[in-house]
Every structure is written in structure tokens, then in C-alpha cells.
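Some notes on the structure that comes next.
Only the coordinates and a few stated rules stand behind these numbers; no lab work does. Model, not experiment: these values are computed from the prediction. Quick reminder, even Gly has a Cβ in these numbers, built from the backbone with ideal geometry, and neighbours come from all protein chains shown.
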Amino acid sequence: MDTSVQQFAVAHLLRRPEVVETGGFVAGFDPDSTSPYINYATPLPGAEPTAADVAALVGEFRARGLRPRLEYAPVAAPAVEPALRAAGFTTEEEHVYLVCTPRTLTPPAAGGPKAAVPRDDAEYTGLDAALCEAFDGEFVPSPEGGARLRRTQEGGGGARLVRAEDGTIAGGGSCSPPAVGTSELAGVGTRPAHRGRGVASAVVASLTEAMFAAGAGSVWLEYSGAGSRRVYERLGYRAAGERLYISLP
């Protein structure tokens, strides 16, 4: 699965508004954002970069005033990490990723919250704001964030929200369009006031089912804590490998 996840990471970055391919790396940039979680690079599976290749990659980030940063599955490109560390890169985070297939998917019991596709620009923007709050201000809500969620939905991926009883958005998430037979589910979050009510389960199940219906043979994700991992495992996600987040200070 590591190679499939890494092939997906490459395909996903190739969708960015601005793409640079250099020395066995693909870097994806979005001029509307300076977020390191949007502007980053990943290696091609099996890449064996030289010091010059890494320097060229770093130069692309520096030219844009961005922190050089990569996300990838190290098992799929084992020669990359030593080359990056020799250039001064340090670990940000290491994550276990989970995978769900049509065979393992276990939807939540009936009667819980319902996830829906946003109806208009206001709901896409509202979903972006809800997710920013869910992640404790790690991101800043913006019309551009809402527009990215709309592009994801209209481009073959998925965006889902759960409406609270008062009509506000309790939480939601998104899933990238499938590529190389798989899709990444990312950014699932619930506003603090609505946690523990099945919001995340409804969102994850809806997005996963939608990607299977779109032809994906698997959906993968990373989790942020033991609590969220239990939610995903109840829905049929299973540990399958590791991903490394690494950057140059």
C-alpha cells in the first residue's frame, strides 16, 4: 500500500495550480495560500536524489518565500530521507495511515447525524470556518478556503458537512478525487460544542462511500489522536503504513 499511497501523493500534487518537477520530486504550490500544508513536495516512488537535486528543490521553495517541506511514505522511497537529513531537514511529524476498502467499510448505525454536500458558496465558506475552529485556529478561515472545498467537490472528490439543529455547521471534512485507485480523506473536524455526537463518523462514512462509488478501490487517511483512530477503526479503517512530514527550518 505504501507505493500506492505515494503514487497518489504525486498525482495529488500534480493537481496544484502551480507544479514544479525537479530531481525526482514533485512540488505543488497554490498562489492563494502560504500554508505549509498546501504548499509542499513529495518524491517519486523509488527516487534517489543527489545533494544537487535536494538543493534545487529547496531553491524552488525559497524563491517563493516558503518553508521547504515534504510529505511522503518513506518505505516507497527509502533513499530520500538520508539525502534530506544531510541537507538539514528535520522531522515535523510521523503518522500512521489507515486504509478502508469496500470490504471493510462499516457504516454507522442509523439514526445519527446526516452528512450533506454544501449547497452554495456560503455553506462552503461556512464549512471552511467550522474546520478552522475544529483545528484550534491552526488554519485561518477565508473565501479561498471555501473555494478550495468547492473545487474538491466539483472536481470529483468530496466535501461534506453536518448541520446542527440551529442550522449552523457542526463539522465536516473533505476527500481528494481518486487517483491510481485510491483517495485521501483529510481534514475531518467537529466544532468543540458538537463533539461526541457522531458528526465525524457521519462525515467519514459519507465521504468514503462516495469515493468507492466514484471508482476508488481504497480510501486512506491519517489520524490526530487515539480518540479519532477509534472512530475510524469502527468504520472499517485499518493501519497500513507510515508517512513522514519533514522540513527545512
Packing-ranked peptide list from 121-127, 90-96, highest mean Cβ count within 10 angstrom first, is 121-127, 90-96
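Only bridges with both residues in the stretch 121-240 count here: give the DSSP antiparallel percent, nearest 5.
Given both bridge residues lie in the stretch 121-240, the antiparallel proportion sits at roughly 80 percent.
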Honestly the chain on the Cα gyration tensor test (a ≥ b ≥ c root eigenvalues; a/c under 1.5 rounded, otherwise a/b vs b/c for prolate or oblate) is just prolate
Rounded to whole angstrom, the alpha-carbon centroid of the stretch 123-195 lies from that of the stretch 14-62 at a distance of 25
Each label sits 7 Å from Cα toward the beta-carbon; between residue 48 and residue 85 the label points are separated, in nm, by 1.9
Shape call for the stretch 125-249, from the Cα gyration tensor axes a ≥ b ≥ c (a/c under 1.5 means rounded, otherwise prolate when a/b beats b/c, else oblate), comes out rounded
For the pair residue 34 and residue 18, the simple spin-label estimate (label points 7 Å beyond Cα toward Cβ) gives in nm 1.3
Gyration tensor on Cα atoms of the stretch 2-88, a ≥ b ≥ c root eigenvalues, a/c under 1.5 rounded, else prolate if a/b beats b/c, else oblate, says oblate
